[in-house]
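To keep things clear, I will list the structure first and then write my remarks on it.
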Amino acid sequence: MNLSWHLYVMAALYVVAGINHFRNPRLYLKIIPPFFSKPKLLNTISGIAEIILGFLLCIPQTSIIAAWGIILLLIAVFPANLYMFQNDKAGLGLPKWVRFIRLPLQLVLIFWAYLYTN
């Protein structure tokens, strides 16, 4: 199966999500657990990482490295999703069941990125 167009969809999603870190930082700052210091820096780093990795996915010579980078990024941001699920103030007004769905969705996103690691 040719997954190339799926790769570009994934790349676009990460670039758009990364840009959104700068367009609407309060949304992301709200879900960063308080035990992390420098939430603004973490938001900036994750936004830049999403943008760069999204673009690198589109370059054949760097797509495998980018896919591994996305997997690592998804693992790194998992505490924010868990905090969002556990804390109603960080829940962005979403119902608890929607916040719960985000947790296993991370595994789906990791698997999707894994498809491009070889």
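Brief remarks follow.
- Looking only at the range 97-118, and only at residues there that are of a type outside the set (Phe, Trp, Tyr) and assigned to a loop (DSSP other than H, G, I, E, B), the one that is least open to solvent (accessible area, probe 1.4 Å): Thr117
- Residue in the range 46-65 that is within 27 Å of Phe100 (Cβ to Cβ) and either at pLDDT below 95 or of a type in the set (Val, Ile, Thr) (or both) present: no
- Which listed residue, of Asn43, Asn2, Asn87, is modelled with pLDDT of 95 or more and either surrounded by fewer than 14 Cβ atoms within 10 Å (Cβ to Cβ) or of a type outside the set (Val, Ile, Thr) (or both): Asn43
- Residue count for the range 51-82, restricted to those that are closer than 19 Å to Leu27 by Cα, open to solvent by less than 50 Å² (accessible area, probe 1.4 Å) and over 11 Å from the mean Cα position of the chain (by Cα): 1
The values are calculated or read from the model by the stated rules, or taken from the named source; none is laboratory data. Source: prediction; values computed, not measured. Here Cβ is always computed from backbone atoms with ideal geometry, including for glycine, and neighbour counts include all displayed protein chains. Ligands, DNA and RNA are stripped out before the accessible areas are found, and what is left, the full protein with its side chains, is counted by its heavy atoms. Shrake-Rupley method; radii C 1.70, N 1.55, O 1.52, S 1.80 Å.
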